[in-house]
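The values are calculated or read from the model by the stated rules, or taken from the named source; none is laboratory data. Please read all numbers here as calculations on a predicted model, not as lab measurements. Cβ atoms come from the backbone with ideal geometry, glycine included; neighbour counts cover every protein chain shown.
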């Protein structure tokens, strides 16, 4: 069940627009923030809020890269596989990330810290190859830079834990 | 009108025609997957590429996306376009599993055709293919997602055309998946069309799986008789068994699609328990002996007690020939006129509807799609005549407005306005509507009887729906093509007449209003014209009980299921000297009959049928008859018997049996003449020109039924009956699956039939101190019923709806119940 503190503001927002479904993406993001990912329960909740069927919500949810229908780690690394990044070394960046994290694309590290996913273009073509971690963009990637980014994120997580 | 040249052939088309359609008219079929005439263009598949040589577009373009324009010169065979299409096919085939030998679509697969036509025959792609999980979609369709080529026809049909939201498209790019969110039965009563429109084998017909390839089947055009609309189907038969039905295009009726009741309702033809032998007193006998013996017994009864001692009961959904034979024989021999309806009111309603449907009022089912305002009175389209709901949806999708005045809160797949009006209050509501329609009309401008009618409507008391009725009236007055839809299943005869009056009034006001009645079943129109409205099974049974009728001929009528008082029926039949039954189903009456004669179905002999619009259609025979080889051989090789006939080939057309029973020549010609007389269409059936493919309207209105004639006192008395006496009205209603007698013998549809419940509005339940899920006893005759309560938001107050599913398949439509006859069953 969605707590009232999440539900109420959403209902208010939905009431202010002409067609509830206009806010489908906003609602899905809110629910994703709440649940950590867009769970089946979240899809059903969103459908109820938006006056859509769960399938209609799922049609949208599964279309978008940044809506996660499965649990993800604390940090979701989206490595860009669009044509510019691909020309500038996406494949070695991906391979390095997989090696460094010891997971494949689409997997989450056993400690639940990192999920590695592809994304097709994040508008950072001038600084390719690039990736996105929890909405923050990193460009001109190489092994050393990736190591630094990941170490920082791990430290950040440890600090947050303490 | 744009003039263009396609492959060196000139053609002129209406503005807005796509190039792909223009080419089709020249007989040039450009490859297509996503394009479908009913769904329109999306340009998703890229396989309809052609080369534009001259005109406003240049180069290779998608022919489904571009309107045909003046001066275009187009080549479909240009090397560049052909090469483009070949690459598109190769690309669409990348992930396809190449499982044609084991695919149920193999042999009638558009993807197969296009792959061959596109010239793609050697696979170059060596990578792994993406795979998907298939879903369980219910008993009607098999899902196999790996075969998908992402044409989007299914999701566009399902959500866009049909308006159901439980199947769609998920994910993106190479992961695109068409299906439901989870495994489960499809909620769409038109889902079978997915098998027709899917260009490959993602959705295939489940009941006909492993029954054969398309080329193994005898395919015959036919007509659906599972409701009054008369949609067109193609019947596939193999080994004396009907195995599949598909939608057949008819521009005036069903368009490209049919409902699942029509598609899957054929199982009764193949039923192992179908009686295929003549019987005397329940024991098999030779049909010629039975006919001879029955004939002499019938003659003896007539000689002893006079011709009026014989009565005949006939089928609503029988062929016109059978109905005509019954009418003719009854008339010639001086029997009672044949009774086609069980319920006297139903007979009256059908007679009224067919008499009032003037030529200028008629609109085809397809014509409804063009309506801008639709008013449905006492109609529940999805349950009574399913395809009507899809036609109404198309009108709404094109910007039309639909208003429904009914008691049941019908679930409809489109946006509509709904007024919850109890059955007995419908007349007064329509009367109020007339009042608002004529607010600004000077009645002196109207013909005298119309003026008098309007004056009476103006005297009706205010009602609680006035605001809405006024708005509906304004819409009707502003409409270009308004259609009034009127159901006949639960309304009173007066309501049927009132709807015709509304349309006639619109005509007097210069508005080209149309009228669309739905009737109780296929050929109910014919029954109404060939039988007398006064004749009904209830009165026949009374005559039997009084002893005036000594012999009864029952033709294709299942008295047991329609007449719930079995004890009374049994006693009445026991009083008879002679009971002759002609039927194609295993009805309990067959074994009780003195003489039983097995009849054929529409599939075995075809026949003439009239739909609710008075549109005449003809169906040829689709199977030769006889028991399916599956049954005679028990799954193995059929027995090697060297006979001339085939096993179980005794059944004959009911009309043929009837004529022989009365000692007449079994000739069809005189029956056709009789039908031509009845419908005042000389030469229409016996002439040289055959019935056109889209059918032809013959059911012209009958003179002598006065319009604008209404007993408002009776209507107001009915209106007050509920509120004044605190009574509840129990209405027996139709349901898409489970209430139509032929289709409810289909095991696949049986699986989709919800259990019987009694539905009511929340306020009604509160008054009766009931809650959802409670068991309630309805004290009705012949025996009380115990049913679970379902709360239906939006139903009219004081109305209870009971679907006529087995075992509550009664013909009576209304029961007025005082509250003490509706009792909650206390939990043990």
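Looking at the stretch B:615-623, is at least one residue at pLDDT 90 or above and under 30 Å from residue B:300 (Cα atoms)? No, the stretch B:615-623 has no match at all.
Just to check your reading of the model, which residue among B:720, B:653 is in contact with a helix residue (DSSP H, G or I) (Cβ under 9 Å, 6 or more places away or on another chain), under 25 Å from residue B:585 (Cα atoms) and either surrounded by fewer than 18 Cβ atoms within 10 Å (Cβ to Cβ) or at pLDDT 85 or above (or both)? Even if it seems obvious, please write down each step before you answer.
On the way: B:720 fails: under 25 Å from residue B:585 (Cα atoms).
After ruling out the rest, the residue left standing is B:653.
Among the candidates B:235, B:269, B:243, the residue that is under 25 Å from residue B:647 (Cα atoms), outside any strand (DSSP E or B) and touching a residue at least 12 places away in the same chain (Cβ under 8 Å) is uniquely B:269.
Within the stretch B:147-154, can one find any residue that is on the phi > 0 side of the Ramachandran plot, within 14 Å of chain A (Cβ to nearest Cβ) and touching a strand residue (DSSP E or B) at 6+ places or on another chain (Cβ under 7 Å)? So that I can check it myself, show each step before the final result.
As a first pass, look at the stretch B:147-154 and keep what is on the phi > 0 side of the Ramachandran plot: B:150, B:152.
From the residues that got through so far, the ones that are within 14 Å of chain A (Cβ to nearest Cβ) too are B:150, B:152.
This time we only want the ones that are touching a strand residue (DSSP E or B) at 6+ places or on another chain (Cβ under 7 Å), so: B:152.
Within the stretch B:147-154, one or more residues are on the phi > 0 side of the Ramachandran plot, within 14 Å of chain A (Cβ to nearest Cβ) and touching a strand residue (DSSP E or B) at 6+ places or on another chain (Cβ under 7 Å).
Determine whether residue B:665 is within 30 Å of residue B:426 (Cα to Cα) and free of Cβ contacts under 8 Å to residues at least 24 places away in the same chain. For residue B:665, the condition - within 30 Å of residue B:426 (Cα to Cα) and free of Cβ contacts under 8 Å to residues at least 24 places away in the same chain - is not met. Is it the case that some residue within the stretch B:164-182 is away from chain A (no Cβ under 13 Å) and part of a loop (DSSP other than H, G, I, E, B)? Checked against the condition, which is being away from chain A (no Cβ under 13 Å) and part of a loop (DSSP other than H, G, I, E, B), the stretch B:164-182 yields no hits at all.
With the structure loaded, tell me whether residue A:2 is touching a residue at least 40 places away in the same chain (Cβ under 8 Å) and away from chain B (no Cβ under 14 Å) or whether it fails that test.
Numbers: touching a residue at least 40 places away in the same chain (Cβ under 8 Å): yes; away from chain B (no Cβ under 14 Å): yes.
Yes; evaluated as a whole, the condition is true for this residue.
The set of residues from the stretch A:46-63 being away from chain B (no Cβ under 11 Å) and under 20 Å from the mean Cα position of the chain (by Cα) comprises just one member, A:46. A single member of B:157, B:136 is more than 14 Å from chain A (Cβ to nearest Cβ), modelled with pLDDT of 95 or more, under 26 Å from residue A:52 (Cα atoms) and surrounded by fewer than 19 Cβ atoms within 10 Å (Cβ to Cβ), and it is B:136. The set of residues from the stretch B:513-545 being part of a loop (DSSP other than H, G, I, E, B) and free of Cβ contacts under 8 Å to residues at least 40 places away in the same chain is empty.
Whether a residue is within 14 Å of chain B (Cβ to nearest Cβ) and at pLDDT 95 or above was assessed, and residue A:93 does not pass this test.
For the stretch B:115-133, a tally of residues being buried (at least 21 other Cβ atoms within 10 Å of the Cβ) and in a loop (DSSP other than H, G, I, E, B) returns 0.
Scanning the stretch B:28-59 for residues that are surrounded by 16 or more Cβ atoms within 10 Å (Cβ to Cβ) and outside any loop (DSSP other than H, G, I, E, B) yields a count of 5. Out of curiosity, is residue B:481 at pLDDT 95 or above and either farther than 21 Å from residue B:356 by Cβ or surrounded by fewer than 23 Cβ atoms within 10 Å (Cβ to Cβ) (or both)? So residue B:481 passes the test. Here residue B:548 clears all of (1) farther than 19 Å from residue B:811 by Cα; (2) part of a helix (DSSP H, G or I) except the condition numbered (2). Taken over the stretch B:484-512, the criterion of being touching a strand residue (DSSP E or B) at 6+ places or on another chain (Cβ under 7 Å) and either in a helix (DSSP H, G or I) or surrounded by fewer than 22 Cβ atoms within 10 Å (Cβ to Cβ) (or both) is satisfied by B:495, B:496, B:499, B:500, B:502, B:503, B:506, B:511. With respect to the stated conditions, residue B:305 is in the same structural domain as residue B:653 (by TED's automatic domain parsing) and either touching a helix residue (DSSP H, G or I) at 6+ places or on another chain (Cβ under 6 Å) or touching a residue at least 12 places away in the same chain (Cβ under 8 Å) (or both). Of all residues in the stretch B:346-362, one or more are under 30 Å from residue B:160 (Cα atoms), out of contact with any helix residue (DSSP H, G or I) (no Cβ under 9 Å at 6 or more places or on another chain) and either part of a loop (DSSP other than H, G, I, E, B) or not assigned by TED's automatic domain parsing to the domain that holds residue B:736 (or both).
With the condition kept exactly as written, say whether any residue in the stretch A:69-79 is within 14 Å of chain B (Cβ to nearest Cβ) and part of a helix (DSSP H, G or I). Can you show your working first?
Within the stretch A:69-79, the first condition is being within 14 Å of chain B (Cβ to nearest Cβ), and the residues that meet it are A:69-70.
Okay, now just the ones that are also part of a helix (DSSP H, G or I), so none.
Within the stretch A:69-79, none of the residues are within 14 Å of chain B (Cβ to nearest Cβ) and part of a helix (DSSP H, G or I).
So which residues in the stretch B:190-211 are surrounded by 22 or more Cβ atoms within 10 Å (Cβ to Cβ) and either at pLDDT below 95 or assigned to a loop (DSSP other than H, G, I, E, B) (or both)? Can you show your working first?
Just the residues of the stretch B:190-211 that are surrounded by 22 or more Cβ atoms within 10 Å (Cβ to Cβ), to begin with: B:190-195, B:198-203, B:205.
Correct list: B:190, B:191, B:192, B:198, B:199, B:200, B:201, B:202.
Okay, residues lined up against (1) in a helix (DSSP H, G or I); (2) assigned by TED's automatic domain parsing to the domain that holds residue B:721; (3) touching a helix residue (DSSP H, G or I) at 6+ places or on another chain (Cβ under 7 Å):
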residue: B:396; (1), (2), (3): yes, no, no
residue: B:399; (1), (2), (3): no, no, no
residue: B:414; (1), (2), (3): no, no, yes
residue: B:425; (1), (2), (3): yes, no, yes
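Are any of the residues in the stretch A:34-45 within 14 Å of another protein chain (Cβ to nearest Cβ) and under 21 Å from residue A:132 (Cα atoms)? Among the residues of the stretch A:34-45, at least one is within 14 Å of another protein chain (Cβ to nearest Cβ) and under 21 Å from residue A:132 (Cα atoms), which makes the answer yes.
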